[in-house]
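Chemist: This structure is in structure tokens; I'll ask about it shortly.
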Amino acid sequence: MFDVAFVITGGGPGTATEPVSLYAFVVLMQRLRFGYGSALSVTVFVLAFVFALVCVRLLGRAAVGDRE
């Protein structure tokens, strides 16, 4: 995922091109901001879960539609 963001933005100055998951890791482990890092981690999980749920539902509809 990082390479796509890097290519699209051209790298940006400094850490401007940093995915949310990497930013959450840096905040949580390197800066020791446990509350903020945990909130970012939960946000990443919820977004990934919602995205996966939408994909499964759409693919499920397509599969059921093909059977009929």
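The values are calculated or read from the model by the stated rules, or taken from the named source; none is laboratory data. If you're wondering where the values come from, they're calculated on a predicted model, not measured in any experiment. Cβ: placed from backbone, ideal geometry, glycine included. Neighbour counts: every protein chain shown. Accessible surface is based on the protein model in full, side chains and every heavy atom, while ligands, DNA and RNA are left aside. Shrake-Rupley method; radii C 1.70, N 1.55, O 1.52, S 1.80 Å.
Chemist: Counting only residues that are of a type in the set (K, R) and part of a loop (DSSP other than H, G, I, E, B), which one in the range 9-65 is surrounded by the fewest Cβ atoms within 10 Å (Cβ to Cβ)?
Modeler: Filtering the range 9-65 for residues that are of a type in the set (K, R) and part of a loop (DSSP other than H, G, I, E, B), the one surrounded by the fewest Cβ atoms within 10 Å (Cβ to Cβ) comes out as R31.
Chemist: On to the next question. Cβ-Cβ below 7 Å, separation at least six or inter-chain, first residue in the range 20-49 and at negative phi and at pLDDT 90 or above, second open to solvent by less than 60 Å² (accessible area, probe 1.4 Å) and not in a helix (DSSP H, G or I): which pairs?
Modeler: If the second residue must be open to solvent by less than 60 Å² (accessible area, probe 1.4 Å) and not in a helix (DSSP H, G or I), no pairs are left.
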